[in-house]
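Below you'll find the structure, written out as structure tokens, and then a few comments.
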Amino acid sequence: MSSDEESPQPSSSSSAPLDSHYIGRREDIVRAGRVTRQLNGCRDVLVLHHQGQIYALDMRCYHAGGGLQHGDIEEFNGRLCIVCPWHKYKITLAEGEGMYQAVDNPTVRPLKTQWRSKGVKQRVHQVTELSGDVYVTLNTSPEDIESDRYQTDKYRTKPNTS
Ligand code: FES
């Protein structure tokens, strides 16, 4: 397990996953709803609780860097998404897929639309719970994921307002 200066310490002695970061007690995350952490001194991550589940994903939206910690959570086509407060992009909580509404045939009225996926756009991270302690293991897969570009000092120091 890695430790982060700003993070509290786990209360249990259970063995945490290798390279994981302690986020906090589950009950505290549930109470707060959302917490943000900078992990490894370079990755800003949003950890949130929704309907009994804890999710972790890059904090800034893949579209233009909007702060997802201020986004609403809604279901689209049966998939839970966080809605970015800046331009309302929808991102699935579990996979980080960008969702959009596609028009079946633009020449046919009334228009019929369907929710479709653009693929993974937001990097999501693994959450592990051990004896009430919550850990996040960063997803370090080598593929380029669009939210990666907002994990730099340039965006970190930019005011995150809509
Ligand atoms: S920055 Fe998130 S939708 Fe534009």
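Quick notes
- Highest average first, the peptides 131-141, 23-33 ordered by how many other beta carbon atoms sit within 10 Å of their residues are 131-141, 23-33.
- Proxy reagent accessibility, fewest Cβ within 10 Å first, across LEU39, LEU57, LEU130: LEU130, LEU39, LEU57
- A straight chain from HIS70 to THR128 at 0.36 nm per residue would run longer than the Cα-Cα distance by 18.5 nm.
- Cα centroid separation - the range 44-68 against the range 113-162, whole Å: 6
- Unpaired by the 4.7 Å Cβ criterion, cysteines found in the chain: CYS42, CYS81
- The chain, helix-only ellipticity at 222 nm - DSSP H runs n ≥ 4, -39,500 (n - 2.57), divided by all residues, nearest 500: -1500 deg cm²/dmol
- Counting lysine pairs in the chain whose alpha carbons fall under 25 angstrom apart, excluding pairs fewer than 8 residues apart on the same chain, gives 12.
- The range 20-156: equivalent-ellipsoid semi-axes (sqrt of 5 x gyration tensor eigenvalues, Cα, Å): 29, 17, 12
Throughout, read-outs are computed from the coordinates displayed, never taken from laboratory work. Owing to the predicted nature of the structure, the values given are computational and were not obtained by experimental measurement. Neighbour counts are summed over all protein chains in view; Cβ atoms, including those assigned to glycine, are modelled from backbone coordinates with ideal geometry.
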